[in-house]
Amino acid sequence: YRILFIVLGAMIAITSLDTVIKDIGFKLPVWLIGPLTIIAFIGVTNSINIIDGFHGLASGVSLISFISFIILSAIYHDILILNLSLIMFFAILGFFILELAKGKDIFRRWRCLFHRFYVYDYLHFICK
């Protein structure tokens, strides 16, 4: 059932946010845009879920990802992406510190959902 909910989430993201993969170095055929976007959404969602399943490591991986977004947006002078990356970096850092201080994984499900959907939409926002 989980995969059906992920596909439903991908379809909602595609229709409401207009986040589709239109090219990957070359123009994609129209009939391939929807299925490829859904497959990418499923891939990002499941990869972050798997990473989080190994002792809650999604926070650390997401922090590293956003550090790379910060560096790249600073190099290319993209202020919007830089600001969004800094906001996300510090938001995730707050979760990371709170969980580290407690010694528990109290936000595991919420954090995992937050990371996977936000990182997917963030990557599509950057790639537009």
Among 35-44, 89-98, 18-27, 57-66, the order from most to least packed when residues are scored by Cβ within 10 Å on average = 57-66, 35-44, 89-98, 18-27
With all protein chains present, region 1-46 has a carbon and sulfur share of its accessible area (1.4 Å probe) in percent of 75 percent
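The values are calculated or read from the model by the stated rules, or taken from the named source; none is laboratory data. Because the structure is a prediction, the values reported are computed rather than measured. Positions of Cβ are generated from backbone atoms using ideal geometry, with glycine treated the same way; all protein chains shown enter the neighbour counts. Surface areas here come from the heavy atoms of the whole protein model, side chains and all, with no ligands, DNA or RNA. Shrake-Rupley method; radii C 1.70, N 1.55, O 1.52, S 1.80 Å.
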